[in-house]
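Read the structure below first, then the notes.
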2 protein chains.
Amino acid sequence: MGFRTFNPSLNSWNSEVYEATSELELASKLSELASCQSEFSRSSPIDRARFLRFIAEQLSSQKSVIQEMYCKESGLSPERFSAEWTRTMHTLELFAHYLEKEYTFEKVQELANESISIRKKRLAIGPVLVMGSSNFPLAYSTIGGDSVAAFAAGCCVLVKAHPMHVGTSMLVAKCIEIALARTEFPQGIFAHIIDDGVNLAQQIVADNRIQAVGFTGSIRGGKAIMEIAQNRPSPIPVFAEMGSCNPMIIFPGLNPDDSKVIAQKIGQAICNDAGQFCTKPGLLFVPSGMEGDNFLHALKEAHLTKSPVPMLHPRIFENYERRKKEVSTVPQVEVFTCPTHTQGIEGAWTLAETNLEVFQSNVLLQEEVFGPFSLVIRYDSQDKLKHVLNGLPGQLTASLIYSVKTTEVESFIALLCNKAGRIILNGVPTGVRVLEVMHHGGPFPASSDSRFTAVGPDSITRFQKEVTIQEENIS
Amino acid sequence: MGFRTFNPSLNSWNSEVYEATSELELASKLSELASCQSEFSRSSPIDRARFLRFIAEQLSSQKSVIQEMYCKESGLSPERFSAEWTRTMHTLELFAHYLEKEYTFEKVQELANESISIRKKRLAIGPVLVMGSSNFPLAYSTIGGDSVAAFAAGCCVLVKAHPMHVGTSMLVAKCIEIALARTEFPQGIFAHIIDDGVNLAQQIVADNRIQAVGFTGSIRGGKAIMEIAQNRPSPIPVFAEMGSCNPMIIFPGLNPDDSKVIAQKIGQAICNDAGQFCTKPGLLFVPSGMEGDNFLHALKEAHLTKSPVPMLHPRIFENYERRKKEVSTVPQVEVFTCPTHTQGIEGAWTLAETNLEVFQSNVLLQEEVFGPFSLVIRYDSQDKLKHVLNGLPGQLTASLIYSVKTTEVESFIALLCNKAGRIILNGVPTGVRVLEVMHHGGPFPASSDSRFTAVGPDSITRFQKEVTIQEENIS
């Protein structure tokens, strides 16, 4: 019994039928992966950089085929494909460059008076399972941040395709295989499997040949994986990026022009691609009174005429509708839905509005609504606001919009550094840049481990252990 | 109902009676700790360096009092005290120096054409619970590697004194408090509690104000803590260093002089301070035949006359006797006990001998025996030896003794890099040096996370999260 992917633009199932990888095939791939690990561990970072560039070349040669499948399986626009494509190419190049820079992953110290030489090396942790995201069929999936980081670390990679874009994943996997054939590495360092549900993934996380997991998805999914990983006879690290509400705090005292500009940017960040981003601003703390009213007016106006776009999948659309309903049934929450007509699984952009007290006493309001939705919380006291922010769970980002960086603003920054992995000052959180200084992660439940990032070359350390080699003379 | 510590040298309980910290007192310390964290998080690394040096100064002024209590509670010699003392002072100085070097813990990147400035900072993860070791009353306890790393990271520290050396811990805690009073930091960034059992510790690991745990002890203890930490509503990282068998592989072809020298060093590493080190060589893989026989003869001879010393505690002595008995009842295991007469809780040094096949088929032989014991495994095939080593659980260290670094030796090094956190070539694993290039850790169950070290300034990253601050202009 096979399964199919969905075309959100046509609001219908695609014709291709996929068969889940069999247990037998999985077993053979896992054993192949494990047997190739030690050779790949010994590979030079320079050769791994070459491999990443071959992948980029191979992808480029298949760009139009991948784009067609990508759009067919996600309903995302060609412009969005182009942005994700650029990000993927940039990641491959940036990591290749980093590998060349860090080509030894080694620190050496000589204790000359004792004739002891000590080297500390970063080595592959072992085979990594990668489970990509639903919302980035390219840049955080088959050859997304996790796979690139794991390859860069010298780890064999087993990708479980996201069931919503299996076709795209298979095309990308094929590119990886062809790129691999151009290297000296054994073909078995990469494996790709497909499954409609979570059975195979759960089995793989528990398999003692897998040494780490990279996951992007829901809190529930991430927690389930963390639990399996922790209950193995030998627990393994899981890096799970599980989403966030991304609070934005608008301070009073903005000049009206700035207020309009930022309202425009925030509106865009909420609506763009139906707000299906882990960094979409989902909570807007807006001052009460006239100034806040004007800001909200500008925010609503900015996107009244924006055409709605389909969401990624009927399941995501249903969740969106369900969560919006949950929020809107809370007493003292007022809902404003963009009046533009929607059809199929298009997500209508929606703002809800309430006050600090109602927000604080309703956990339902503090959880992510995945889609083009934001909850506005009006505040009239910065002290009360601080108290509420202190009670929030961990976030990927938190943003502050202000005209002057007062000591009060500084104290909010300090507070938010304990709540989020990235603080944005006078900007919006969407559009995570792939840089060495980027941190994409945050305290639980935004991610499983606030010490690591999912974006940028520092993400390689998630998949590297350290080993010291100490060389002496017997006599 | 209080509890007492034990004097191994006199084989009797010390007279001081200690009362476990009450729940009420613990609650107040935890809330104090949590309320001081944000101020300490903002402190400058330079000021934290100063604090570490004040601690060293204060300890120095109390050296003789601490030494007296240390010896009384551990039975360890003044020479050993001196070694641990030097290590503790060195750690404080090395970390202080490191903080001065890394004084910003920050990387900055300017995206000039977009007027965006992005900084990535390492910040304190939050209050840390430290549970020190039984076998290092000073260097891995109250102001040991974990506490120094946590303070250096900017984390408030709650130390639970090891029940076997509560008196020493209280003296050291007093020094920390006096040093703290010389700084501008609030007194509440450090708290010290005592408890005879594990109740308070379990409660603290589950408390949502604690954000990380440093633990040194048994696998059973470490796993229990990992489980509590993982099952919290917000899981937290635990760094547990849980011990190891530290395999040493003696290759054939050593010249007789080298063979004697290394036998002498290994004997010393097994017997020194009753072998109560996490890096004590517990498994010796020795070639079969005459050459191996000669090596073993030299090993036995080297320490025949060494006087036994008391173990740290009756409980540790009993475990040692129990584990030796377990090993010696395995068929085809021959036991050689040093004939010197022992009394009280002195640990007699013991070698057991078997072959690869017996070793491989008995899990009991593959587990640590804490004390002056080593299991000799004779091998006649390097391929079979590799197979057995591949099946070992994770280790803190693995050592190779050879005359020429052949490609065969290299292949063993590669194999062992997957099994241990430190590889020693032609030396013994004891005497971990506190250096920037040191890695003290290893794959599970040697430690809970092979990506981090418990020794050296890199251990600070266990207790730091990353935050990126992205600063833009609205218009």
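The values are calculated or read from the model by the stated rules, or taken from the named source; none is laboratory data. Source: prediction; values computed, not measured. Because the Cβ atoms are built from the backbone with ideal geometry, glycine has one as well, and the counts that use them run over all protein chains shown.
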For this session: Determine whether A:LYS120 is in contact (Cβ under 8 Å) with a residue 12 or more places away in the chain and either of a type in the set (Gly, Ala, Ser) or more than 30 Å from B:GLU436 (Cβ to Cβ) (or both).
Result: no
For this session: For the range A:12-27, enumerate the residues that are polar (S, T, N, Q), over 16 Å from A:GLU68 (Cα atoms) and surrounded by 12 or more Cβ atoms within 10 Å (Cβ to Cβ).
Result: A:THR21
Problem set entry | Selected residue (only one of B:GLU84, B:GLU106 is in contact with a Leu (Cβ under 8 Å, 6 or more places away or on another chain) and charged (D, E, K, R)) | B:GLU84
Exercise. Restricting attention to the range B:467-474, does a residue exist that is more than 7 Å from chain A (Cβ to nearest Cβ), surrounded by 22 or more Cβ atoms within 10 Å (Cβ to Cβ) and in contact (Cβ under 8 Å) with a residue 60 or more places away in the chain?
Worked result: no
For this session: Sort out which residues of the range B:281-301 are in contact with a Gly (Cβ under 9 Å, 6 or more places away or on another chain), surrounded by fewer than 19 Cβ atoms within 10 Å (Cβ to Cβ) and either of a type in the set (A, V, I, L, M, F, W, C) or in a loop (DSSP other than H, G, I, E, B) (or both), and write them in order of number.
Result: B:ALA298
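Can you pull out every residue in the range A:374-423 that is more than 8 Å from chain B (Cβ to nearest Cβ), aliphatic (A, V, I, L, M) and part of a strand (DSSP E or B)? Lay out the reasoning, then the answer.
Going residue by residue through the range A:374-423, those that are more than 8 Å from chain B (Cβ to nearest Cβ) are A:374-392, A:395-400, A:402-412, A:416, A:419.
Those still in the list that are aliphatic (A, V, I, L, M) too: A:375-377, A:385, A:388-389, A:392, A:396, A:398, A:400, A:404, A:409, A:416.
If the condition is that a residue be more than 8 Å from chain B (Cβ to nearest Cβ), aliphatic (A, V, I, L, M) and part of a strand (DSSP E or B), then A:LEU375, A:VAL376, A:ILE377, A:LEU396, A:ALA398, A:LEU400 are the ones that fit.
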Seminar exercise, completed: B:ARG433 vs (1) closer than 18 Å to A:LYS465 by Cβ; (2) more than 7 Å from chain A (Cβ to nearest Cβ); (3) among the basic types (Lys, Arg): all pass except (1)
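Yes or no, residue by residue, for (1) outside any helix (DSSP H, G or I); (2) outside the structural domain of B:LEU138 (by TED's automatic domain parsing):
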position	(1), (2)
B:MET1	yes, yes
B:LEU30	no, no
B:SER35	no, no
B:SER43	yes, no
B:ALA49	no, no
B:LEU52	no, no
B:ALA56	no, no
B:MET69	no, no
Problem set entry | Members of the range A:5-28 found to be farther than 12 Å from A:ILE193 by Cβ, assigned to a loop (DSSP other than H, G, I, E, B), of a type in the set (Ser, Thr, Tyr) and touching a strand residue (DSSP E or B) at 6+ places or on another chain (Cβ under 8 Å), listed by number | A:THR5, A:SER9
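Determine whether B:LYS223 is of a type in the set (Lys, Arg) and buried (at least 23 other Cβ atoms within 10 Å of the Cβ). Explain how you work it out, then say what you get.
Numbers: of a type in the set (Lys, Arg): yes; buried (at least 23 other Cβ atoms within 10 Å of the Cβ): no.
No.
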For this session: Within the range A:362-383, identify whether any single residue is within 18 Å of B:GLU466 (Cβ to Cβ) and either of a type in the set (A, V, I, L, M) or not assigned by TED's automatic domain parsing to the domain that holds A:SER288 (or both), and answer yes or no.
Result: no
Problem set entry | Boolean, B:GLY441 is surrounded by 20 or more Cβ atoms within 10 Å (Cβ to Cβ), in contact with a strand residue (DSSP E or B) (Cβ under 9 Å, 6 or more places away or on another chain) and either in the same structural domain as B:PHE277 (by TED's automatic domain parsing) or free of Cβ contacts under 8 Å to residues at least 12 places away in the same chain (or both) | no
Seminar exercise, completed: Exactly one of B:VAL238, B:VAL261 is hydrophobic (A, V, I, L, M, F, W, C), free of Cβ contacts under 8 Å to residues at least 24 places away in the same chain and within 13 Å of chain A (Cβ to nearest Cβ), and that one is B:VAL261
For this session: Report yes if some residue within the range A:318-334 is more than 28 Å from the chain's Cα centre (by Cα), surrounded by fewer than 21 Cβ atoms within 10 Å (Cβ to Cβ) and assigned to a strand (DSSP E or B); otherwise report no.
Result: yes
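Taking B:ILE266 as the residue in question, decide whether it is β-branched (Val, Ile, Thr), within 13 Å of chain A (Cβ to nearest Cβ) and over 30 Å from A:ASN231 (Cα atoms).
yes
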Exercise. Can you tell which of B:LYS120, B:LYS107 is farther than 30 Å from B:THR430 by Cβ, charged (D, E, K, R), within 14 Å of chain A (Cβ to nearest Cβ) and surrounded by fewer than 21 Cβ atoms within 10 Å (Cβ to Cβ)?
Worked result: B:LYS107
Problem set entry | Selection status of B:THR453, facing chain A (nearest Cβ under 7 Å), at pLDDT 95 or above, touching a Lys or Arg at 6+ places or on another chain (Cβ under 7 Å) and closer than 23 Å to A:PHE463 by Cβ | no
Exercise. Condition test on B:ILE460, is it of a type in the set (A, V, I, L, M, F, W, C) and either at the interface with another protein chain (Cβ under 7 Å from one of its Cβ atoms) or assigned to a loop (DSSP other than H, G, I, E, B) (or both)?
Worked result: no
Problem set entry | Hits in the range B:47-69 (condition: of a type in the set (S, T, N, Q) and either under 23 Å from the mean Cα position of the chain (by Cα) or surrounded by fewer than 15 Cβ atoms within 10 Å (Cβ to Cβ) (or both)) | B:SER60, B:SER61, B:SER64, B:GLN67
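Restricting the search to the range B:351-373, which residues are closer than 23 Å to B:MET242 by Cβ and either among the β-branched types (Val, Ile, Thr) or surrounded by 20 or more Cβ atoms within 10 Å (Cβ to Cβ) (or both)?
First, pick out the residues of the range B:351-373 that are closer than 23 Å to B:MET242 by Cβ: B:352, B:359-360, B:362-373.
Once the filter is applied, which keeps residues that are closer than 23 Å to B:MET242 by Cβ and either among the β-branched types (Val, Ile, Thr) or surrounded by 20 or more Cβ atoms within 10 Å (Cβ to Cβ) (or both), the range B:351-373 yields B:ALA352, B:PHE359, B:VAL363, B:LEU365, B:GLU368, B:VAL369, B:PHE370, B:GLY371, B:PRO372, B:PHE373.
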For this session: From the list A:GLY75, A:GLY145, pick out the single residue that is more than 14 Å from every other protein chain (Cβ to nearest Cβ) and at positive phi.
Result: A:GLY75
